[in-house]
Amino acid sequence: MRFGFNEVPEEKPRHLLSLARKFWGVTPWMLELTILVSILLGKYLEVYIITALLAFNAVLGSIQEAQAASAVRALRSKLKVNARVLRDGEWKIVPARDLVPGDVLRLRAGDFVPADLKVGSGQLEVDQSSLTGESLPVTKGPGETLYSGSVVRVGESTALVLSTGRATYFGKTTELVQLAKPRFQLEGITSSVVKWLLLMVGTLLAATFIASMLRGMNAIDLLPLALVLLVSAIPVALPTMFVVSMALGSVELAKKGVLITRLSAVEDAATMDTLCVDKTGTITMNSLEITKVVPMAGFSEEDVVVLGALASNVANQDPIDLAFLKASSARHSLFSSFRQKEFMPFSPATKRTEAVADDGVRSIRCIKGAVNTITDVCELGGKECAEIEEDTQKLAVSGYRVLAVAVAEGRAVPRVVGLVALWDPPRKESPALVKELRDLGISVKMLTGDAAPVAEEMAASIGLDAGIVRATDLKALSEKDPEKAAELSESSSGFAEIFPEDKYVIVKELQSKGHVVGMTGDGVNDAPALKQAEVGIAVSNATDVAKSAASAVLTDEGLTHIVDLVSTGRMIYERVIVWIVNKIVKTFEVVVFASLAFILTGDIVVGAFQIVLLLFVNDFVTISLSTDRVRPSKRPETWKISGLVRVAVILGVLTVAEHFLLLYLGLRYLDLGSDISALNTFGFAMLFFSGMLVLFMVRERGRFWSSSPSKVLLGAVALDVLLVTLLCTLGIPGLTPIPLADILFIVAYYAFFVLVVDDSVKCMLVKRAELSW
């Protein structure tokens, strides 16, 4: 290939460096310090087990991150920028990486510039801030160079490709959509929980050391146990669990037509309670058709359609232009012999398109655009404007979009040719989708630039009937009384006559009332609102700028897959909450029990080796929580962490009390007091089997049998139970074998207390605190 692909090759991931980083950090340091102390004390069995635990988490985490990165690269490849190219006499959409010098491109507002280009016809305003630091857009005219990576803000143009890939001036645009990696809200919340756990552990360890010194024991002998207990409060498996959860969620969503570009969107979708959606292209088909034509005196319907088509451009693929061009192909008019010579595209400033056409004899100007704009251009009097306004309103109340067409010869004042009604019908699935989102507790608000009568007609057709607010009314109220403006935004079902920049204001108003807002968009001017919203969603036909600003991109038309995004986010939320509660309860039962047992009895009931082995076997199950079968909530989720901690602490206290009761029974009736090594094995079995049953209890907010676990979770638990049963009954260095009858007694004991007593207490606490997990 002479030029190569239009891209700069990515730096390949360094897997060995990624693996090495797994041994650096607070958790690895604690494990490594424990290994060092154990070596100094000559406890080599602990060294082997802790080293295996550290290596297991490092290798598994690296493998999962590599798989997640591979999945993310696959998703990113679907977001590669496309370009409109003139090849073989036809305009085609091709991947930007396939561009070569000499290609002719068509650019319009919202496009990324995919290569270094030379402007042909037309004039553009271009944002080069990401490349040159210039804060203001620069104007580019014929003959000037557009640099790869800049963004077209205003205007349309054809341009010639000068250089691609490494040969471009900046040579840094490998992809134009960047995956943001913000700090997860879940990680911050979990970090605060872990800090609280470490405080609790530190307090108990201090009490343990004081008790050992009062008994005349050597505090150095307790150091390995103290370090391991401290490690047990640190989320060793949390990074891997998050990586697996988010990777599986992103891949699952990709299969359903949702590409995640900012992973925080998955968790934010769980708490989203308000969704602002564009009317055109999301609620509707985004396929306009001319349904009615009202010609003015002296013109026919055919004249109106043909002159409107002359003021259109097929290269732009604009829905309105395509509707006129499609309709004119089957109509004949006195103006059918005219051919377009010059074209001025639509811009927000002019609100119209304009073209110069001639038939070889005379030249005319054809104009189409908003009715008010055209009447101003034609300098109509009050009576004529009133008549046209009356005709416009008759069409608008039926939900039609009304445009006006005008024509002029030479420099004469244009004349209104007629009115054209266009209709973008709602998608068949839109009413059902609105109902489904409402059933999920999400308020749907429609946003449109159309007039209020059109918006009201469309809203009624899809089941939104709580009132449409004009954007001008909202802005006026916001200046006088921001609180009432926010309340109006909250209570309405949609907003009409808005400009793209109004969407940002609407999102801010809703957020000021405490709502978690989702926003759909497709244009360059939607970017501020997409970034401001907690869940920014770019629709399938969105511009490159909108896709890069959004946190999720839909690959299919319509909004149906938003339900999948919400459901997946809520399921991941459920899994993480289960992990948090499970972590708190297990920290209680391990740390509190081991510390208090030593303080009360003077014996180390559960030693460092047993606790490290417990962490090792529990990691299999902890990671498998990311695949658990959970039911998404029917309402938006809320983070009531204080309530979760309170419930988990109460459950932890219950399990500790149950441990001491069983310890008493073991010492009294199973003669464990005479053999400290057998007591260690018994204590290890207590903590393990109670932990397995606690997991089944906390994974469901109702009774534990309300839903069935995933096959992966059940398989992990079954393997763990079999392994630990063999270790405890057959014995290994560090675990003295105990009778199988003792194991069965432990299982039966906790099956009753955890799945009957504790589960009943949990349901009562959750109901009283109105918690969702």
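Some observations on this one:
- Checking Ser491 against (1) under 28 Å from Val377 (Cβ atoms); (2) open to solvent by 60 Å² or more (accessible area, probe 1.4 Å), the condition it does not meet: (1)
The rows are residues; the columns are (1) at pLDDT 90 or above; (2) open to solvent by 20 Å² or more (accessible area, probe 1.4 Å); (3) assigned to a strand (DSSP E or B).
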position: Thr350; (1), (2), (3): no, yes, no
position: Val361; (1), (2), (3): no, yes, no
position: Ile374; (1), (2), (3): yes, no, no
position: Glu384; (1), (2), (3): no, yes, no
position: Leu419; (1), (2), (3): yes, no, yes
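- Contacts under 8 angstrom Cβ, first residue in region 280-308 being of a type in the set (Ser, Thr, Tyr), partner modelled with pLDDT under 90 and in a strand (DSSP E or B), 6 or more apart: Thr282/Thr520; Thr284/Pro426; Thr291/Leu422; Thr291/Trp423
- Residues in region 306-324 that are within 17 Å of Leu422 (Cα to Cα), modelled with pLDDT under 90 and part of a helix (DSSP H, G or I): Pro319, Ile320, Asp321, Leu322, Ala323.
- Leu474 open to solvent by 50 Å² or more (accessible area, probe 1.4 Å) and of a type in the set (A, V, I, L, M, F, W, C): no
- Single residue of Thr274, Thr261 found to be modelled with pLDDT of 80 or more, of a type in the set (S, T, N, Q) and in contact with a Lys or Arg (Cβ under 9 Å, 6 or more places away or on another chain): Thr274
- Test: residue in region 526-534 that is more than 30 Å from Val126 (Cβ to Cβ), buried (at least 24 other Cβ atoms within 10 Å of the Cβ) and at pLDDT 80 or above: no
- Criterion (in a helix (DSSP H, G or I), within 29 Å of Phe660 (Cα to Cα), in contact (Cβ under 8 Å) with a residue 12 or more places away in the chain and aliphatic (A, V, I, L, M)) met by exactly one of Val566, Val647, Val606, Val576: Val647
- Test for Ile584: is it open to solvent by less than 10 Å² (accessible area, probe 1.4 Å), within 26 Å of the chain's Cα centre (by Cα) and hydrophobic (A, V, I, L, M, F, W, C): no
- In region 430-448 there is no residue that is touching an Asp or Glu at 6+ places or on another chain (Cβ under 6 Å) and open to solvent by 10 Å² or more (accessible area, probe 1.4 Å).
- Looking only at region 97-137, residues that are β-branched (Val, Ile, Thr), open to solvent by 30 Å² or more (accessible area, probe 1.4 Å) and at pLDDT below 85 come to 1 in all.
- Of the residues making up region 453-467, those that are in a helix (DSSP H, G or I) and surrounded by 14 or more Cβ atoms within 10 Å (Cβ to Cβ) are Pro453, Val454, Ala455, Glu456, Glu457, Met458, Ala459, Ser461, Ile462.
The values are calculated or read from the model by the stated rules, or taken from the named source; none is laboratory data. All of these numbers come straight from a predicted model, not from anything done at the bench. Glycine also receives a Cβ, built like all others from the backbone with ideal geometry; neighbour counts cover every protein chain displayed. Calculation scope for accessible area: heavy atoms of the full protein, side chains included, ligands and nucleic acids excluded. Shrake-Rupley method; radii C 1.70, N 1.55, O 1.52, S 1.80 Å.
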